[in-house]
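Heads up: the structure comes next, in structure tokens.
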Amino acid sequence: MTSPTLEQRASATPAGRRAAVEAAAHRIRRHALFMGEVQGQGYVGQALGAADILATVYADQLRFRPEDPEWDGRDRFLLSTGHYAIGLYAALAEAGIIPVEELETYGSDGSRLPMSGMSTYTPGMEISGGSLGHGLTIAVGLALGLRHRGNPARVINFLSDGELDEGSTWEAAMGAAHHRLGRLTAVVDINALQADGATEGVLRTEPVADKWAACGWRVFRVDGNDVGALLEAFDAAGSASAVTDDGAGAPAVVLCDTKVGRGVPLLEQREKAHFMRIEEHEWAVCNEQLEAGWAARQEEKA
């Protein structure tokens, strides 16, 4: 994969863009299962659920140079949810920023791919994650810094719905709107699950769209496993018409309702799906289900 240019996106057909992103999402899911099997456990369900979002970002939206992850003109993608690192590693491999062969080192001693994201280890990992609720505050500061430098790069911050329990997230949301950070986009994976149980039971966040709007954000809510809907939302969120030349405007949030384990029915049905322990004999079933589902969808389109 290479970074798409604005001209390439403009010239591609909607069907072509969607097909490219869907294919990238499938490969990201395949990579995530491979890494999960290396350890036999992990945050595989989140990676599968967020694969369509990550593919939309890296295969269609983000400006980057695979050979130069520190390129100053790159758009910044911040993974606030450090435990989703397995999904981001899969996306970085698909994007050509890290070698696909390196995925087999996931979670091993000395690996550049630790189980929780660390910016000091991994090319393309902008921030270290782990303690939830920090990502959006960093994104606000980064967006402000880029504006002061006259850098038009876009900042995209990925959060989980569990992070909406954190007061720091809402402080950052108000700050972003106050400073009119029009090139900042927040992406929230709403999979309705936290470590301690269903999000609704831990701390009810609905009506979540109204809360972001009340903070002064442009709000888009979509099925986070529908690539067509994601493309429309991300296009609107990053629309140049929504900001002035210096990047001032209302920030945007894309709320993505996703399914944990998406694409692998065995894992979609797991009751305890936050951190999964998958038995050795189940990995073959997971891979078979993923490939069978993909093949069936391609036949439907033919």
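The values are calculated or read from the model by the stated rules, or taken from the named source; none is laboratory data. The structure presented is a predicted model; accordingly, all values stated were derived computationally and were not measured. Every residue, glycine among them, receives a Cβ derived from its backbone with ideal geometry; neighbour counts consider all protein chains shown. Remember, those area values only see protein heavy atoms, side chains included, never the ligands or the DNA or RNA. Shrake-Rupley method; radii C 1.70, N 1.55, O 1.52, S 1.80 Å.
Results, tabulated for the structure shown:
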read-out	value
Within the chain, percent of DSSP bridges classed antiparallel, to nearest 5	20 percent
By average C-beta atoms within 10 angstrom, highest first, the peptides 139-148, 51-60	51-60, 139-148
Full-stretch length increase - E67, A12 - with 0.36 nm per residue and alpha-carbon distance subtracted	17.4 nm
Angstrom value of the Kirkwood radius, inverse mean 1/r, which spans all Cα pairs in segment 79-167	13.9 Å
Å² per residue, accessible surface of segment 226-278 at 1.4 Å	44 Å²
Candidates A237, A15, A192, ranked by Gaussian network fluctuation over the chain, Cα under 10 Å, top entry	A15
Global form of segment 206-252, assessed from the alpha-carbon gyration tensor, a/c cut-off 1.5	oblate
Beta bridge orientation in segment 172-302: antiparallel %, DSSP, nearest 5	20 percent
Environment charge at W170 (Cβ cut-off 12 Å; Lys +1, Arg +1, Asp -1, Glu -1)	-3
The chain, accessible surface, carbon-and-sulfur percent (1.4 angstrom probe)	52 percent
Surface accessible to a 1.4 Å probe, per residue, for the residues of segment 85-223, Å²	41 Å²
Sequence-distant lysines (8 or more away, or on other chains) whose Cα lies within less than 27 Å of K301	K259
Mean ellipticity per residue at 222 nm, deg cm²/dmol - from DSSP H runs of n ≥ 4 across the chain, formula -39500 (n - 2.57)	-13000 deg cm²/dmol
Folded to 0 to 90 degrees: helix 14-39 orientation relative to the chain principal axis, Cα	60 degrees
³J(HN,Hα), Karplus 6.51/-1.76/1.60, whole Hz, each residue of segment 254-267, x for Gly, Pro	10, 8, 10, 7, 10, 10, 4, x, 3, x, 10, x, 4, 8
Most fluctuating residue given options G150, G133, G36, as computed from a GNM of the chain linking Cα atoms under 10 Å	G150
Max mean-square fluctuation residue, GNM over the chain, Cα-Cα springs under 10 Å, options T81, T258, T244	T244
Normalised contact order of the chain, rounded percent, pairs of Cα under 8 Å and 6 or more residues apart	20 percent
